[in-house]
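Below is one structure; the comments refer to it alone.
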Amino acid sequence: HTHTHCSNENPSQPITTILKHKHKHKHTMQELDEQRKAQERLTSCEDQISKLCIQHADLFVSVQRRSEHVLRALQDVLDKVDHAMPPPVITHDDTDNNANNNNNGNDNGLDMARKLEVHGNDMNVLAENHKMRRRSLLQHSSLVELLEIPSLMDACVRFNLYDECLSLAALANSLERSQSSSSSSSSNFAVIESVVRDVRRREVDLRKHLISRLRGDGSLSSSSSEKQADHLSLPSCLEVVTALRRLNGIELERSLQNNNGVALSTEEIEKSHSIMELRLQIEFFEARDRWLENGVNMVTSGKVAGSFAATRSSTSVEHVLDLIEVYRTRCFEIATQYFAIFESSKSKSTDTSQESISLLSLWMTKRIAIFLDKLKKEFSTIHDIGALRDVLDACVFFASSLVRVGGNFQALLPPMFEIKIIEIVTGHWNRGL
């Protein structure tokens, strides 16, 4: 009766309990399955790790050895740093203080503080040096370019790149000017000073190279290519003289900035420029005179010199005609180049113009005198009036071609040829008798 009463009161209670028990049992089974799967996965991973360890055992051994090697190397570095640090300087006062501290029992603390202070100063010095080296390393490319300036200028000289050479020389002036204007010590600019000295030596080489081009050095044989290299055309001559002028300007700029800070007046600067211009004209005449002498020596030594001699035989008269032709063409070319280069760019002052004209007159007078002396010596090989007439015609043509440059010497020819004509006629009469 009691049981029936309970059933009538909550008839669904046994079913709910059964469902709860089934759900709990199912949940427990799922947890067991997950634990079993996790255990299996863990076992599989451990097996894989064991296999990898066995497979790469040599790698683990190598890593361990290298780690030990790195640790030993670091320890060696630390030992070297400790040895490299200078020992602390112990003065007499420090010795007395140490004695007092030993007596008082406080020496260990003070000695340790002093050592730490000394090592701290040493580490500061090392840190500053390291910072300077790092800064230099950051500017490595700029330093390399700076150190390559002398070799680059040398290469430009060899390949006739005059504008680039002069730009590098001007750059050296700028570096020297910036160094002189800086307030730092000269030891901080050792690299710049070395570069500037090398560039100055290359400037001397550049000047020698330009003068050698004006002299026509390098044509030692009679090949056509070398004769073309010997001949310096007006544009090439203008290029060389312009480079020499710019080089003089660079030297003038350097002399002004090295004047111990004393500013020169405009008159002094113009005077220095006039002196350099006069020196350039003298160098031009000396170099071109050497070029003229080279052509004359080629004729006197029997070598072919020019197209005029290529169509004639090697007789004595034709040798004299070749000599006259070489003098005529080269003297006229030198005078023409001088007028085109220096007279067209001369300063406005009348004094400079008169000096340049007198310089040309002196050179022309000297060359004409040398030519007439050499012609007198060659007269000894002429024994025919017809040949002498050809020589006279060539000399008159030579003198008339120099009229445009102020070198007409026709008035000096009659006395020379009269004497030679009388000598030839007298010789014929004497032989006829």
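Taken together, the values in this text are just the output of simple stated rules run on the coordinates, not laboratory data. Model, not experiment: these values are computed from the prediction. In this analysis, Cβ positions are derived from the backbone assuming ideal geometry, glycine residues included, and neighbour counts consider all displayed protein chains.
Structure notes:
- Residue pairs, from the table Lys208/Lys271; Lys80/Lys131; Lys208/Lys366, whose Cα atoms sit over 22 Å apart: Lys208/Lys271; Lys208/Lys366
- Taken along the Cα-to-beta-carbon direction at a fixed 7 Å, the label points for Ser265 and Lys208 span 4.0 nm.
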